[in-house]
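Laboratory data are not the source of any read-out in this text; all were calculated from the coordinates shown. Just so you know, these numbers come straight off a predicted model, no measurement behind them. So basically every Cβ, Gly included, is an ideal-geometry build from the backbone, and we count neighbours across all protein chains shown.
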Amino acid sequence: MALGVPRFRRNGQGSSTGDLPTQTTQGSSTEDLPTQTTQDPSFALPEAGGVAARPEPLVGRPPAEPEGPSTVGVGPYRLAFRRLRRNKTALFFGAVFIAIVIVCVLAPVYSHDVAHIGPNVTNPTGTVNGKSVLSTSGVPIGPTFTAHYFFGADSDGRDLAVRLLYGGRTSLIIGGIATIIIIVFGTLVGLLAGYFRGVVDAVLRPLMELIWSFPPVILGVAVGTALALGGIGPIKGNSIFIPAFIIGVIYIPYLGKPIRGEVLRLREMDFVDAARVQGMHPWRIMLSEILPNATSTIIVFIPMMLATSILLEAYLSFLGAGVQAPNASWGTLISDGITYLDTTPSFALIPGAMLVLTVLSINILGDGVRDALDPRAQVKIQT
Amino acid sequence: MGRFIVRRTLSAAALLFATSVVVFGIFEVIPSYNPGRAIAGRNATPQTVAIVNKKFGFNQPFYRQYLNTMKLIFTGQIVDYQDQLNVVSEFKSRFPATLSLVIPAALIWLIAAIILGSVSALRAGRFADKALMVMAIVGVSIPVFLLGAVLLYLLAYKLTIFPNTGYVSLTSNPAQWAYYLILPWFSIALLSIGFYSRVLRSNLLDMVNEDFVRTAKAKGLSQQRVFRRHVLRNSLMPILTMFGLDFATLLGGAALVTETLFNIPGVGQYEATAIGNLDVPPILVGAMFTAFFVVLFGALIDVVYALLDPRVRLTG
């Protein structure tokens, strides 16, 4: 999808023009037009199985840039970085994301030095500024905007502001671990299936199709509930690694399939043939010949997968199948807060706002990165 | 056409088989999963649990349990472990509520996306286009339960324009039916409109360059006719593919979050409850139900493809 920020800023063409149709359509983007027409998703005919006939991502070709005096001798990634630096919207939201990460990393400091209460410390009989934390009927206190109970309490008398920061940490850690799993295994599966084809592909591809054909939320909730009960091996049921692991596995095909397609294309190229006739080992061909050419696809997927993973974690936690008590995440906080939606909406809306701001800033930054790497790319992902 | 139907039916059977084995297998490998104990109740004696295990066949090998369950599903006799309700009739009685939720929501987002996507492509770079760009990226960043919560708070609690939650069936009172469902419809639709219209927009802009569009213009067709009959028609395919899959999974219960939040007694709500109780039969039936719709709509979309584009032949 093409979202977010002005695109098609070209070197040496004066002012940036945004998203004008002349540039996208009748424009002079001659350098990549021939390949474009054959790979365009608008021409994707239905594949066997129907399920897989989604628009295929188009990322991964080396960024096309008109030859100009300023671009001679500059590598594609440096060019992409230059383009990204000119994209003020993406940079701004990148900064917002970094700020959120820093604030959440500093959660223990806030908990220890400002709120003086831990994230999982219950305090049902306590008072703050002369008011009790829980009313006699058990309704928690709303936002006080003082050091103690800044955003109010939850139904066990825990400090919501502290839990909001710790919950953010949990959400970000789960998203991060899931993204690492997706990137490592998605790339590996895509490389193996695409390079060896045959039996390897015949095993890996149906596996990916199977995961892909389930809605992520349903699959995640079923596996999440099941594993939250007993854990896996040494990992306890309420460990945050369980949702991270589940989310990672669910989204492996979302990277593995496009990488596989990319590798299928690359393995027919002359330089791979050259490496093969030199007697290079398949692993070396995959890692040093093919992988570098698929790197921009992978880079584009990193922010997208991070945003999607954080969102899926929120869905799972909202349905009780993600992060388990006593840990908090933005999803569990929203879920707890919805009970009080009519009286104290901030309980649900503040963690909700944090979640949306985080995912939004990752998405906008990711959009900028994708535009910078390949201005004509279209990538689709769904939760 | 006959070949197409046969091959699709075979692949549907394969997918249903794989889905059922996987879902069944997930629960089989979980160490703490003990359905006999769950049915017998919290304070059951080991003897009672043993009787239940025997009655439901939980002590039989995996393949026997699987075959028995499949037999019960296809004869419509399967019951859930929690309340001993017949799962098939439960799905049947709840499906109208899911249809009431999903079909209008899907129509709202598809029609709005086609209109907004066309407007945005025709006026690319102008204000409407940029506003849509913002809407699309915000849409993919908000979980549906949060949008639902915000709508509920603003329109049901603060302004009391809409009822807070609940469901009235279409046959008992059409006006109330729509009144109760407007917020859930828009919770689902709003998030997808932006994304769908962006995809349509970029397809439209790519299509304008095509030879057949130039030919149509050269024939002297009016601007409107070229856009509607040639550009738009050919650009609809990618979003129809997306739509088929999204719609199918929503019908199968992917709207479980919305149904839970708004307390709509659809199949998704049943699945959500079953998942919470680790109640295998409804989860199993729900997964197969979803897989069925995914295959069905995959095939339907391919038929629509062939109708829209004469170059496409129906195969495999």
(Q) As a footprinting exposure proxy, order A:V221, A:V277, B:V87 by other Cβ within 10 Å, with the fewest listed first. (A) A:V277, B:V87, A:V221
Q: Take every residue in peptide A:218-229, count the Cβ atoms of other chains within 10 Å of its Cβ, and give the average of those counts.
A: 6
Q: Order the peptides B:240-246, A:138-144 from the highest to the lowest mean number of other Cβ atoms within 10 Å of their residues.
A: B:240-246, A:138-144
Q | Modelled FRET efficiency - R0 22 Å, B:R228 with A:R265, Cβ distances, 0.05 increments | A | 0.05
**Q.** Simple spin-label estimate for A:V114 and A:F196 in nanometres, 7 Å along Cα-Cβ
**A.** 5.2 nm
(Q) Taking 56 Å as R0, compute the FRET efficiency from the Cβ-Cβ separation of A:N129 and B:Y179 and round it to 0.05. (A) 0.85
Q: Rounded to the nearest 0.05, what FRET efficiency do B:I161 and A:F145 give with R0 = 35 Å and r taken as the Cβ-Cβ distance? Could you check?
A: 0.70
(Q) Suppose a student asked you for the relative contact order of segment B:114-254, using Cα pairs under 8 Å spaced at least 6 residues apart; what percent would you report? (A) 28 percent
Q: Determine the shape class of segment B:262-306: with a ≥ b ≥ c the square roots of the Cα gyration tensor eigenvalues, call it rounded for a/c under 1.5, and otherwise prolate if a/b is greater than b/c, oblate otherwise.
A: oblate
Q: Using a Gaussian network model of chain B whose springs link C-alpha atoms within less than 10 Å, name the residue from B:N173, B:N203, B:N234 with the highest mean-square fluctuation.
A: B:N173
(Q) How tilted is helix B:87-122 with respect to the longest principal axis of chain B? Cα atoms for both, answer in degrees (0 to 90, nearest 10). (A) 20 degrees
(Q) Compute the helix-to-body angle for B:46-56: its Cα long axis versus the longest principal axis of chain B, expressed 0 to 90° and rounded to tens. (A) 50 degrees
(Q) At 7 Å along Cα-to-Cβ for each site, give me the label-to-label distance between B:V22 and B:V119 in nm. (A) 4.0 nm
(Q) Per-residue Cβ counts within 10 Å, from other chains only, averaged over B:146-159: what number is that? (A) 4
Q | Highest-MSF residue in chain B out of B:S222, B:S202, B:S89 [GNM, Cα springs under 10 Å] | A | B:S222
Q) Taking Cα atoms, how many degrees apart are the long axis of helix B:2-28 and the longest axis of chain B, rounded to 10 and kept between 0 and 90? A) 50 degrees
Q) Mind ordering B:43-51, A:256-264, A:76-84 by average Cβ neighbours within 10 Å, highest first? A) A:256-264, A:76-84, B:43-51
Q: Report, by chain and number, residues whose modeled amide H sits under 5 Å from the one on A:V323, excluding near sequence neighbours (fewer than 5 apart, same chain).
A: A:S317
Q.
Starting from the 7 Å offset along Cα-to-Cβ, what nm value, one decimal, do you get for the label separation of B:L10 and A:R86?
A. 5.4 nm
**Q.** Sequence of B:V304, A:V223 once ranked by neighbouring C-beta atoms within 10 Å, starting from the fewest
**A.** B:V304, A:V223
Q. Per residue of B:274-281, what is the mean number of Cβ atoms on other protein chains within 10 angstrom of that residue's Cβ?
A. 3
Q | Net charge, A:R163 excluded, C-beta distance under 15 Å - Lys, Arg +1, Asp, Glu -1 | A | -2
Q. Which order results if A:H148, A:H281, A:H116 are arranged by neighbouring Cβ count within 10 Å, fewest first?
A. A:H281, A:H116, A:H148
